[in-house]
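The next block holds one structure in the form of structure tokens; read it before the comments.
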Amino acid sequence: MNTTERKREYSSFLAFTVRFTTPDRKAAIVRQNIGSQPVLNHGGNMEDEQLPVAHENFARHFTAPIYEEQADEFAPFGSDEGWDTLQAAAEKRTELLDGATVADVLDIVDGPAGDEWGDSPDAEEWYSDATFVAAAAFTLLRLTGQIDEIGRERGLEALDILIEYFGEEPELRQQKNDLERWSNIPGH
């Protein structure tokens, strides 16, 4: 199945899912149908738990509602990968001191290591790895208010892969635009 067919199939599926299921069931069905495997099992309903408090730099820059959304698969913390990455890193927040990197966050959740995406842009691993990398980038920013330049670039590449895979979803475009404009120097 080519990328266009996959997007069309996913869009039809998602429209049906949104109309006839709850957000939790929708997320489970979407994961099952697009092959996403969570790293951790949060063991509960994401909506019953709160997002960890955002660093002031994150809160000042990332103001769109998607950054607080817990059930939207395209929001940074709405997918199982995003939620689990954020929760696992938050439990080890004290280990993410100044100079922490996206690679450090990926290490915490046993996410994809290295900076290579593999050989085939259509490979299912690209989607899965990109989901974790984007989640790790926004997790680091939310918890520490900073991001390493290599991690930022890798996060942007991950968002490009997700946009290629799913199309121009507004949530993905918002994240890419916001991450492109990010600066570790407050006020810039």
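Which one is surrounded by the fewest Cβ atoms within 10 Å (Cβ to Cβ) among residues in segment 62-96 that are without any contact (Cβ under 8 Å) to a residue 12 or more places away in the chain and not acidic (Asp, Glu)?
Checked segment 62-96; the qualifying residue surrounded by the fewest Cβ atoms within 10 Å (Cβ to Cβ) is Thr94.
Go through (1) surrounded by fewer than 20 Cβ atoms within 10 Å (Cβ to Cβ); (2) over 19 Å from Ala59 (Cβ atoms) and name the single condition Ala158 misses.
Of (1) surrounded by fewer than 20 Cβ atoms within 10 Å (Cβ to Cβ); (2) over 19 Å from Ala59 (Cβ atoms), only one is false for Ala158: (1).
So that you can scan it fast, the table gives a plain yes or no per residue for (1) assigned to a loop (DSSP other than H, G, I, E, B); (2) within 12 Å of the chain's Cα centre (by Cα); (3) at pLDDT 95 or above; (4) within 26 Å of Pro170 (Cβ to Cβ):
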residue: Asp72; (1), (2), (3), (4): yes, yes, no, yes
residue: Pro76; (1), (2), (3), (4): yes, yes, yes, yes
residue: Gly99; (1), (2), (3), (4): yes, no, no, no
residue: Asp107; (1), (2), (3), (4): no, no, no, no
residue: Pro112; (1), (2), (3), (4): yes, no, no, yes
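Would you point out which residue out of Thr139, Thr131 is part of a helix (DSSP H, G or I), at pLDDT below 95 and within 26 Å of Thr94 (Cα to Cα)?
Of the residues listed, the single one that is part of a helix (DSSP H, G or I), at pLDDT below 95 and within 26 Å of Thr94 (Cα to Cα) is Thr131.
From the list Ile66, Ile34, which residue is of a type in the set (A, V, I, L, M), within 23 Å of Leu156 (Cβ to Cβ) and modelled with pLDDT under 50? Talk me through it step by step, then tell me what you get.
Numbers: Ile66 fails: modelled with pLDDT under 50.
After applying the criteria, what remains is Ile34.
Against the condition hydroxyl-bearing (Ser, Thr, Tyr), under 11 Å from the mean Cα position of the chain (by Cα), within 22 Å of Gln50 (Cβ to Cβ) and modelled with pLDDT of 90 or more, how does Thr144 come out, does it pass? So that I can check it myself, show each step before the final result.
Numbers: hydroxyl-bearing (Ser, Thr, Tyr): yes; under 11 Å from the mean Cα position of the chain (by Cα): no; within 22 Å of Gln50 (Cβ to Cβ): yes; modelled with pLDDT of 90 or more: yes.
The answer is no for Thr144.
Those residues that are crowded, with 17+ Cβ neighbours inside 10 Å and either of a type in the set (A, V, I, L, M) or free of Cβ contacts under 8 Å to residues at least 24 places away in the same chain (or both), I need them from segment 140-155; list them, please.
Kept after step one, since they are crowded, with 17+ Cβ neighbours inside 10 Å, are these residues of segment 140-155: 140-148, 151-152, 154-155.
Once the filter is applied, which keeps residues that are crowded, with 17+ Cβ neighbours inside 10 Å and either of a type in the set (A, V, I, L, M) or free of Cβ contacts under 8 Å to residues at least 24 places away in the same chain (or both), segment 140-155 yields Leu140, Leu141, Leu143, Ile147.
The values are calculated or read from the model by the stated rules, or taken from the named source; none is laboratory data. From a predicted model like this one, the values you see are computed outputs, not experimental measurements. Because the Cβ atoms are built from the backbone with ideal geometry, glycine has one as well, and the counts that use them run over all protein chains shown.
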